[in-house]
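S.K.: Please find one structure pasted underneath; my questions will follow.
Readers should treat all values here as calculations from the given coordinates under stated rules, not as data from a laboratory. All figures in this text were calculated on a predicted structure; none of them were measured in a lab. So basically every Cβ, Gly included, is an ideal-geometry build from the backbone, and we count neighbours across all protein chains shown.
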């Protein structure tokens, strides 16, 4: 599923126009991004947690030349799925009961 598919799904499920669904999805993405920048974590109970982790500087190799290169330290956004999402993806019956 890509962004256009997700917008169409949101528009259909929430009975919105595609323009409104696009604005809603963009607002959610902007909110998650702002939360990660500000707090480093966004928790959506039942769905999962978006968080920022720190990657330390390392050395690597250029695959073409074999030359050693320095890779800078950086922050990385990660997602950890919640139990309800994991159960839903794995088709566990307990997740279906809770979702209803």
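Yes/no matrix, rows are residues, columns are (1) in contact with a strand residue (DSSP E or B) (Cβ under 8 Å, 6 or more places away or on another chain); (2) closer than 21 Å to residue 89 by Cβ:
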site	(1), (2)
2	no, yes
10	no, yes
14	no, no
21	no, no
26	no, no
34	no, no
39	no, no
42	yes, yes
46	no, yes
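S.K.: Out of all the residues in the range 34-76, which are outside any strand (DSSP E or B) and in contact with a helix residue (DSSP H, G or I) (Cβ under 8 Å, 6 or more places away or on another chain)?
M.R.: Answer for the range 34-76, where residues must be outside any strand (DSSP E or B) and in contact with a helix residue (DSSP H, G or I) (Cβ under 8 Å, 6 or more places away or on another chain): 46, 47.
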